[in-house]
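See below for the structure under consideration.
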Amino acid sequence: GHEDGTDLEPNGPGGGSLEFRSRLRSLSEFLRSFPLTEMAPDARTVKPAAGVEAYALSSAKGEYAIYLEGKNSGVVLNLPAGRYTVRWLDIESGKESPATAFRQAGGEKTLAVPAFRKGIAARLERTR
């Protein structure tokens, strides 16, 4: 086979370019860094801007996995009061930004989203 992604022909299951497999690897590693058994789909936390598709998982402990596709713009989050850190993962390059900390009084918080082309993921954690 061509498990390394070098088979670029559309000839059946298991296909996909190196770029596609690299993005899947980045997302897989991102998701495995969370306690997925403690998380559930969350449609209340993320309020995406027009032209943005957003998907989120969250835990009762204050861990959030957020994925955005579409137009690069800010995102509004509805968060409980607390201190948070956010790290962004560019799924195309696999590079993660340094953590940024902020304090939230509760309610809506607008976050600037780093530039991206194919999609971006955020790891948001309430630190207390």
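The values are calculated or read from the model by the stated rules, or taken from the named source; none is laboratory data. Model, not experiment: these values are computed from the prediction. So basically every Cβ, Gly included, is an ideal-geometry build from the backbone, and we count neighbours across all protein chains shown. Heavy atoms of the whole protein, side chains included, go into the accessibility calculation; ligands, DNA and RNA do not. Shrake-Rupley method; radii C 1.70, N 1.55, O 1.52, S 1.80 Å.
Things worth noting here:
- Arg126 vs. criteria more than 27 Å from Phe20 (Cα to Cα) and in contact with a Phe, Trp or Tyr (Cβ under 7 Å, 6 or more places away or on another chain): yes
- Residue among Lys109, Lys118 that is touching a strand residue (DSSP E or B) at 6+ places or on another chain (Cβ under 9 Å), assigned to a strand (DSSP E or B) and open to solvent by 50 Å² or more (accessible area, probe 1.4 Å): Lys109
- Within the range 16-43, tally of residues that are among the hydrophobic types (A, V, I, L, M, F, W, C), assigned to a helix (DSSP H, G or I) and closer than 27 Å to Thr127 by Cα: 4
- Filtered by the rule that a residue be at positive phi and either open to solvent by less than 20 Å² (accessible area, probe 1.4 Å) or among the charged types (D, E, K, R) (or both), the range 46-89 gives Gly62, Gly82.
- Here the range 44-72 is the region considered, the condition is being of a type in the set (Gly, Ala, Ser) and within 14 Å of the chain's Cα centre (by Cα), and the residue that is farthest from Arg123 (Cα to Cα) is Gly70.
- First in the range 96-112 and within 15 Å of Tyr64 (Cβ to Cβ), second anywhere and at pLDDT 90 or above and open to solvent by 100 Å² or more (accessible area, probe 1.4 Å), Cβ under 7 Å, 6 or more apart: Ala101/Arg83
- In the range 57-76, the residues that are closer than 14 Å to Asp42 by Cβ and touching a residue at least 12 places away in the same chain (Cβ under 8 Å) reach residues that are polar (S, T, N, Q) and in a loop (DSSP other than H, G, I, E, B) with C-beta atoms within less than 9 angstrom, at least six apart or across chains, in these pairs: Ser58/Thr45; Gly62/Thr127; Tyr64/Thr45; Ala65/Ser33; Ile66/Thr45.
- Of all residues making up the range 25-42, the number that are within 14 Å of the chain's Cα centre (by Cα) and open to solvent by 90 Å² or more (accessible area, probe 1.4 Å): 4
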